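The values are calculated or read from the model by the stated rules, or taken from the named source; none is laboratory data. Fair warning: this is a prediction, and the values are worked out from it, not measured in the lab. Virtual Cβ from ideal backbone geometry, glycine too; neighbours counted across all protein chains shown. Each accessible area value is taken on the protein alone, full model and side chains, heavy atoms only, with ligands, DNA and RNA left out. Shrake-Rupley method; radii C 1.70, N 1.55, O 1.52, S 1.80 Å.
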Amino acid sequence: LGVALRLHWFCAYLFMANGVLYLLGLALGGGWRALIPQRGDVVAGMHMIRYYSLAPLAYVLRRPLLHPMHPGKYNALQKAAYASVVIAGVLVVLSGWAIHKPMQLYWLAAGFGGYNAARVWHFCLMCFFILFVVPHVVLVLADGWDTVRSMITGWSSRVEQGSQHEVH
């Protein structure tokens, strides 16, 4: 159990460092602007839900299905998902500390509804991250090595130097 706990904390600190780097990148690179909700995002989100719900059926029936247009870098569902990851990241760290040091951080555990409730919060939030990360990794790998390289280096062979077009 001791080895598993050390591995858990090692991964937790990697997770926290990744979160800090992500927030730093959003702040310094101005990427946070793309996550600000817009007036029509609720309606646009419903259009995206409809599209994603019908896409498998359209594929099977070999019928064209037009992708809803959206201004900006992310569609409404992507904005909601990426913004919720930041909130969930903060909550999972706080709930983890609440269950790791329930006597010293009694006020934090109480904020989650007690020690046992903090454990439930922590578990549910980790399930959320698994449901978020696994499809993203699958989609990146399915898109090819160029996408993996561009995520790490910021350079893509699909985009000519000086081009302002985004790769999707």
Open item on the list: Could you identify which residue out of Met48, Met151, Met103 has the top mean-square fluctuation in a GNM of the chain using Cα springs shorter than 10 Å?
Closed with: Met151
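Per residue of the chain, what 222 nm ellipticity follows from adding -39500 (n - 2.57) for every DSSP H run with n ≥ 4, rounded to the nearest 500?
Numbers: 6 runs with 118 residues, N = 168.
Computed mean residue ellipticity for the chain: -24000 deg cm²/dmol.
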Task: Nonlocal amide H pairs with Gly114, under 5 Å, H built at 1.01 Å - done: none
TODO: Based on the mean of other Cβ atoms within 10 Å per residue, sort peptides 128-135, 105-112 so the most packed one is first.
DONE: 105-112, 128-135
Task: Carbon and sulfur %, accessible surface of the chain computed with the full protein complex present, 1.4 Å - done: 71 percent
TODO: Determine the per residue accessible area of the chain with all protein chains present and a 1.4 angstrom probe, expressed in square angstrom.
DONE: 76 Å²
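Once you keep just the Cα pairs under 8 angstrom separated by 6 or more residues, what percentage relative contact order results for the stretch 62-168?
Values: 52 pairs, mean separation 15.8, N = 107.
Relative contact order here is 15 percent.
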Task: Within the stretch 1-98, trypsin sites (Lys or Arg not before Pro) in DSSP loop having at most 10 other beta-carbon neighbours inside 10 Å - done: Arg39, Arg62
Task: In Hz, Karplus ³J(HN,Hα) per residue of the stretch 8-17 (6.51, -1.76, 1.60; θ = phi - 60°; x = Gly, Pro) - done: 4, 5, 4, 5, 4, 5, 5, 4, 5, 5
TODO: Could you tell me which label, among (1) 16.8; (2) 9.0; (3) 13.8, carries the value of mean projected area of the Cα convex hull in nm² calculated for this structure?
DONE: (3)
